[in-house]
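Here the structure is laid out as structure tokens; the discussion comes afterwards.
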Amino acid sequence: MDVRILKTLVAVAEHGTFSAAANVVGLSPSAVSMQIQALEQHLAAELFDRSRRPPVLNEKGMALLPTARKIIGLHDSLRDAAASPNEFVGRLRLGVIPTALSSFVPAALAGLTEAYPLLEVQIVTGMNTPLFKLLNNEELDAAIIGEPPSLPGGLLWRPFVKEAICVIAPPDATGATADDLLRTHPYIKLVRGAWQLRMIEEQIAKMEISLHTIMQLDSIEAVTLMVHHGLGVSIVPQRSVELLLRLPIKIVPFGDPPLFRTLGLVQIKGSPKNHLCKAVFKQLLKVCSPHEVPGDAAAVRSAVLEDEELQRALQTAAPSSAAE
């Protein structure tokens, strides 16, 4: 069986219609239909409910998807398996949380592409918990996420930046502290990242503040625009706001002591793609420098760096007094 047929099946499942899948795989809709029919004949099973328009995957089709994705992954990894451990070629499946994807990750990927043009990075975006599960199931090679509450023995955590959590408010908002702003203005909640939200909610409870929540948004861009136009205040990662829109807004520290989130690269121990993960980590250090790398410097070096080149990269990312 041609693996391209399985890729067509997955494209139909992910994009909803034969026509949309045709655009993705570079075929005509009729060719997509012929491939699906050939697959059904090969398996002696109908995979779509054609009584609906457009046709949708039936129970058998849905059951086939995980195996199809696994076969595609194994096929695509053949070139990786044939490559030398020192070659930077093939595909790296990288999960990224949205706030990182819309701030420092594009610059890191640009540097990675320039250094290793034969390396293909496939980005999957999502929240901390879903990405963590994908990685734990080996459906990703690495992920850029917030520090997990616990880490399975088969995964390795590489912290690379410590980001301040801050309160943002309209530039003319009254109140000089996070406590003042949160008590006297409507609250716009950024509903992203369960681990981060838990940390923020615990701090709010500690401050004994009753928030007047008027919006719950999953886009940091939308939250920042709402705040800029005077509709309320919010609690967000400071670096994401500074790099995104550069709008005139008031930014004050949140928490006493100030609250931070740690971001890092999680990867699979013993993976043949760990040299590619090292390359990603190096670029992340470069882009996030001179922002603070969390933890004791000696411990971080021994835990996350295995070669002299990355040790030099870590030294260039020494902590600064302004950690976001």
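Using the alpha carbons alone, the radius of gyration of the stretch 9-150 stands to its Kirkwood radius in an Rg to Rh ratio of 1.03. With a threshold of 30 Å on the Cα-Cα distance, the over-threshold entries among Lys162/Lys269; Lys250/Lys278; Lys206/Lys278 are Lys250/Lys278; Lys206/Lys278. Couplings 3J(HN,Hα) of the stretch 65-75, computed from phi: 4, x, 5, 4, 5, 5, 5, 4, x, 5, 4 Hz, in residue order, whole Hz [Karplus 6.51 cos²θ - 1.76 cosθ + 1.60, θ = phi - 60°; x for Gly and Pro]. The H on the amide N of Thr125, modeled in the peptide plane, is under 5 Å from the matching H of Val96, each at least 5 residues off or on a different chain. For the stretch 126-143, backbone phi angles converted through the Karplus equation (6.51, -1.76, 1.60; θ = phi - 60°) give residue-by-residue couplings of x, 6, 3, 5, x, 5, 4, 5, 4, 5, 5, 8, 6, 8, 10, 8, 6, 8 Hz, Gly and Pro being listed as x. Were the residues from Glu201 through Ala45 laid out at 0.36 nm apart, the gain over their Cα-Cα distance would be 51.1 nm. Rounded to whole numbers, the Karplus 3J(HN,Hα) couplings from phi for the stretch 45-51 are 7, 7, 9, 10, 8, 8, 6 Hz, using 6.51 cos²θ - 1.76 cosθ + 1.60 with θ = phi - 60°, and x at Gly and Pro.
All of the numbers you see were taken from the coordinates with simple rules; none came from a lab. This one's a predicted model, so the numbers in the text were calculated from it and none came from an experiment.
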